[in-house]
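First comes the structure, then the notes that go with it.
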């Protein structure tokens, strides 16, 4: 009997302890990795949704004939969103603007100084290290164009809900191929997860 009791009170050996700690370490690493991936995916989804909402807000302001600025008595300006991968630091933000001169795009620096004659309303920084990766011109015929597109400006002017789309090439020049039906904006996370925001000429906005 005494021999049996001695075996039961023997406890863990060093090897058993190390194996147990190794298993726990693997489990904790998997949990931490999954949590990081989930958090990154959630931040990317929120970022894409916020961009879609900003476009919807510009559309609502344009259709509702919002005053360009308080006390300006200017109800003719369009409202829009400018996105670029040309300017320094532009991939991590986008601009909300009011189109004062009716040229369908944002005139001004990416620093977004407000007040006076500036068209910039607000600079919105993308969170969680997410960034604007690329643009595509969607077309009804001839195939979509995803090369040499470095800036997209989306604006809305009263009284129609349709989107006015303005594209620029890698040199910053106006780029207007035939048969345009919409614009696609690709947003990436630090690890390469992808979300796409699409706006059509009709004014429809989709997050995929």
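What follows draws every value from the coordinates through simple rules; no lab data is involved. Not measured: the values here are computed from a predicted model. Every residue, glycine among them, receives a Cβ derived from its backbone with ideal geometry; neighbour counts consider all protein chains shown.
Once every DSSP H run of n ≥ 4 in the chain is given -39500 (n - 2.57) and the sum is divided by its residues, what mean residue ellipticity at 222 nm do you get, rounded to the nearest 500 deg cm²/dmol?
Values: 2 runs with 57 residues, N = 208.
That calculation yields -10000 deg cm²/dmol at 222 nm.
What is the spread of the Cα atoms of the chain along each of their three principal axes, largest first, in whole Å?
Principal-axis extents of the Cα atoms in the chain, largest first: 98, 45, 29 Å.
Go ahead and run the numbers for FRET between residue 169 and residue 39, Cβ-Cβ distance against an R0 of 45 Å, rounding to 0.05. Could you put the intermediate results ahead of the total?
Values: r = 36 Å, r/R0 = 0.80.
Given R0 = 45 Å and the Cβ-Cβ separation, E is 0.80.
I'd like the FRET efficiency for residue 104 and residue 208, computed as 1/(1 + (r/R0)^6) with the beta carbon distance as r and R0 of 25 Å, rounded to 0.05.
The calculated FRET efficiency here is 0.50.
Quick check: residue separation of residue 178 and residue 122 times 0.36 nm, minus the Cα distance between them. What number comes out in nm?
On the way: separation 56, 0.36 × 56 = 20.16 nm, distance 3.16 nm.
Difference between extended and current length: 17.0 nm.
Given R₀ = 45 Å, FRET efficiency for residue 28-residue 53 by Cβ-Cβ distance, to 0.05? The partial results should precede the final answer.
Values: r = 37 Å, r/R0 = 0.82.
The computed FRET efficiency comes out at 0.75.
Please rank 36, 158, fewest neighbouring Cβ atoms within 10 Å first, as an exposure proxy. List each step's numbers first, then the result.
Values: 36 11, 158 16.
In increasing order of surrounding Cβ atoms, one gets 36, 158.
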